[in-house]
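Presented below is the structure to which this report refers.
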Amino acid sequence: MRVDLDHLPDVQQAELARVRDTLMAEFAQAISTSTQPWKKNGKILKIILFGSYARNDWVDEPDNGYQSDFDLLVIVNHEDLTDIAGYWYIAEDKILHDPKVQRPVNIIVHTLDEVNKALQRGEYFWVDIVRDGVVVYELPQHALAAPKPATAADALAMATRYFEAESKSVSNWLRMAELARMEGSDRDWRNKAVFNLHQATETAYACFLLVRTLYFPRSHNIKFLRSLSEDKESRLVNAWPRATRLDRRRFELLKRAYVEARYSPSYEIGADDLDALAVSVNRLRDIVEILSMERLEQLRAATDL
């Protein structure tokens with residue numbers, strides 16, 4: 001796996017170094033007062049850049065709503081340390097509000113055992129990281145397993161199960177969203193509708209990622225899931241208009257709906273915004289279905305070789 005970032009401009013290398021240092025400093029703070037041995041001895045084993053900034057096909061057009069994210073895999077030495085809320089939330093928040101980091105940053109956190117077992121199962125997501133990723137920090141003597149790509153037959157069986165389950169779930173979330181939209185125009189029904197649209201969006205991205213990569217991160221952040229998915233397939237960009245401030249505000253309303261539509265008395269979404277989001281989420285579902293069927297057909301063809 002590569003260890004140099006020479007393909008990135010100096011400003012982006014500096015931002016990555018700042019993100020790395022923040023992650024490490026805040027993790028050290030999070031475990032500093034613990035008396036439990038597993039937590040007191042908690043360690044970051046590796047930080048790996050993956051995705052477009054690792055492959056060198058990133059986009060940087062924030063004024064047009066198109067800007068690639070920094071995607072980072074953090075590998076730790078205990079499964080409890082993968083809890084984002086418990087150990088990584090403060091670091092994420094500091095990075096989000098750091099004026100010296102000019103692009104979105106996403107992290108996924110797993111143990112070395114989780115990653116190595118996934119590599120041995122041949123999950124494409126992890127095989128791609130080993131192939132394309134760049135190590136930005138690591139402790140010695142914690143090697144990743146040699147990737148063992150899944151057979152086409154195994155991948156087809158897994159992807160088919162994922163598609164059948166997740167595509168059905170997307171349709172059910174959309175049906176519930178439509179029921180809430182049609183049931184009434186008061187705030188409670190609108191909030192229920194947008195929450196269900198959020199869940200449909202999250203599940204659609206789960207469907208795509210599981211069929212394409214056999215992996216789905218533990219996240220309800222649809223902006224992160226959108227970035228991760230669009231990094232794998234550019235046709236997904238067509239689901240969401242994003243050229244105008246209104247477009248971007250609507251997606252942010254949908255992103256916030258997972259928590260705020262249920263629990264915040266100040267969360268409001270208008271009927272026009274709700275209608276526009278429903279169109280986009282249905283379009284996302286349709287694109288994901290096309291892409292998933294294409295992927296399943298590719299795997300079927302590979303099993304016949």
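Some notes on this structure:
- Note on the stretch 173-217: residues that are within 20 Å of residue 163 (Cβ to Cβ), touching a residue at least 12 places away in the same chain (Cβ under 8 Å) and in a loop (DSSP other than H, G, I, E, B) total 3.
- Among the candidates 106, 116, residue that is in contact (Cβ under 8 Å) with a residue 24 or more places away in the chain and either surrounded by fewer than 17 Cβ atoms within 10 Å (Cβ to Cβ) or over 21 Å from residue 229 (Cβ atoms) (or both): 116
- Condition met for residue 253 (closer than 26 Å to residue 64 by Cβ and not small (Gly, Ala, Ser)): yes
- Residue check, residue 108 within 16 Å of the chain's Cα centre (by Cα), not charged (D, E, K, R) and not in a strand (DSSP E or B): no
- Condition met for residue 16 (over 19 Å from the mean Cα position of the chain (by Cα) and modelled with pLDDT of 95 or more): no
- Candidates are the residues of the stretch 29-59 that are surrounded by fewer than 17 Cβ atoms within 10 Å (Cβ to Cβ) and in contact with a strand residue (DSSP E or B) (Cβ under 9 Å, 6 or more places away or on another chain); the one that is modelled with the lowest pLDDT is 59.
- Among the numbered conditions (1) within 21 Å of the chain's Cα centre (by Cα); (2) surrounded by fewer than 18 Cβ atoms within 10 Å (Cβ to Cβ), the only one that residue 134 does not meet is (2).
- So residue 123, is it at pLDDT below 95, within 22 Å of residue 300 (Cα to Cα), within 18 Å of the chain's Cα centre (by Cα) and charged (D, E, K, R): yes
- Helices (runs of 4 or more DSSP H) contained entirely in the stretch 7-56, each with at least 3 residues that are closer than 21 Å to residue 139 by Cβ: 10-31, 37-40
- Qualifying residue in the stretch 225-245 (condition: over 21 Å from residue 290 (Cβ atoms), part of a helix (DSSP H, G or I) and over 10 Å from the mean Cα position of the chain (by Cα)): yes
- Answer residue from the stretch 57-67, given it is part of a strand (DSSP E or B) and either of a type in the set (Gly, Ala, Ser) or without any contact (Cβ under 8 Å) to a residue 40 or more places away in the chain (or both) and is nearest to residue 142 (Cα to Cα) among those: 67
- Some residue of the stretch 141-148 being part of a strand (DSSP E or B), among the hydrophobic types (A, V, I, L, M, F, W, C), over 19 Å from the mean Cα position of the chain (by Cα) and over 30 Å from residue 200 (Cβ atoms): no
- Selection count, the stretch 210-235, where residues are surrounded by fewer than 19 Cβ atoms within 10 Å (Cβ to Cβ) and charged (D, E, K, R): 5
- Residue that is surrounded by the most Cβ atoms within 10 Å (Cβ to Cβ), among those in the stretch 255-272 that are assigned to a helix (DSSP H, G or I) and free of Cβ contacts under 8 Å to residues at least 40 places away in the same chain: 260
- Odd one out for residue 200, checked against (1) at pLDDT 95 or above; (2) out of contact with any Ser or Thr (no Cβ under 8 Å at 6 or more places or on another chain); (3) within 24 Å of residue 51 (Cα to Cα); (4) not assigned by TED's automatic domain parsing to the domain that holds residue 20: (3)
- Condition broken by residue 89, with the remaining ones in (1) at pLDDT 95 or above; (2) within 16 Å of the chain's Cα centre (by Cα) satisfied: (1)
The values are calculated or read from the model by the stated rules, or taken from the named source; none is laboratory data. Keep in mind the model is a prediction, meaning the values are calculated, not measured. Here Cβ is always computed from backbone atoms with ideal geometry, including for glycine, and neighbour counts include all displayed protein chains.
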